[in-house]
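The values are calculated or read from the model by the stated rules, or taken from the named source; none is laboratory data. Being a predicted model, the structure only gives us computed values, none of them experimental. Don't worry about glycine lacking a Cβ; one is built from the backbone with ideal geometry, like all the others, and counts go over all protein chains shown. Protein only, heavy atoms only, side chains kept; ligands, DNA and RNA dropped before computing areas. Shrake-Rupley method; radii C 1.70, N 1.55, O 1.52, S 1.80 Å.
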Amino acid sequence: ILRYAKECTGAKVVLFTGDDMYSLRQVSLSPLYWMNRVAIRGKIRRTLKNAEICYCVSDTQREELRSEFGDKFRIMRKGMEIADGVPTHGRLGSVVDFVYAGNLLGGKRWKTLSMLASEIHRLNEGGVKCRLYIYTGEMLTHRIRRLLNFPGEVLLMGEVPSSAIGEILS
């Protein structure tokens, strides 16, 4: 659809990619997984070639994609303002708030968040410097609740409507 819209309108395309759906550095013994991966990779390749600017979330991803598609990749993270295509960063407050909104049980997200929670707890020794807000509607197991149990540092906020996420992240 994107390629068709660009062809019909001549509009410039700006993309954002957060997940690694392109690289082949994955682990799976399933032939179906690899068939799907290669099919998706081809579609992503065609889409990236049509973009004027592509935003991604990590330096590693930017460098990997830049080597194949050229110097049209920029980093975009929460809190960034983009004026004239040049990102500027605001100053951080005395307490840095991290926000996760989404599913926890799919994949290993809860494990990643529990590692982040432990690190935040370690950094907060001597006073709160960071907090992690988790918005999810999923029923968490006792084990996951125990791993995220850092009162005042990790806050399980429950489910919110998707329309509220923009306000929460700002």
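Here are the numbers:
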quantity	calculated
Selection status of residue 132, under 17 Å from residue 105 (Cα atoms), among the hydrophobic types (A, V, I, L, M, F, W, C) and without any contact (Cβ under 8 Å) to a residue 40 or more places away in the chain	no
Cβ-Cβ under 9 Å pairs, at least 6 apart or on other chains, the stretch 50-73 side within 12 Å of residue 16 (Cβ to Cβ) and without any contact (Cβ under 8 Å) to a residue 60 or more places away in the chain, far side part of a loop (DSSP other than H, G, I, E, B) and of a type in the set (Asp, Glu)	57/19; 61/20
Contacts under 9 angstrom Cβ, first residue in the stretch 113-125 being open to solvent by less than 90 Å² (accessible area, probe 1.4 Å), partner in a helix (DSSP H, G or I) and at pLDDT below 95, 6 or more apart	113/144; 113/147; 114/144; 114/147; 117/147; 118/147
Selected residue [of a type in the set (A, V, I, L, M), in contact (Cβ under 8 Å) with a residue 24 or more places away in the chain and out of contact with any helix residue (DSSP H, G or I) (no Cβ under 9 Å at 6 or more places or on another chain)] from 140, 155, 147	155
Search result, residues across the stretch 24-56 that are assigned to a loop (DSSP other than H, G, I, E, B) and surrounded by 14 or more Cβ atoms within 10 Å (Cβ to Cβ)	50, 51
Selection count where residues are among the basic types (Lys, Arg) and farther than 22 Å from residue 95 by Cα, scope the stretch 122-170	3
Residue ID - farthest from residue 158 (Cα to Cα), chosen from residues in the stretch 99-112 that are open to solvent by 80 Å² or more (accessible area, probe 1.4 Å) and not in a helix (DSSP H, G or I)	108
Subset of the stretch 21-58 (residues that are among the charged types (D, E, K, R) and more than 19 Å from residue 70 (Cα to Cα))	25, 37
Test: residue in the stretch 145-166 that is in a helix (DSSP H, G or I), open to solvent by less than 80 Å² (accessible area, probe 1.4 Å) and either in contact with a Leu (Cβ under 6 Å, 6 or more places away or on another chain) or modelled with pLDDT of 90 or more (or both)	yes
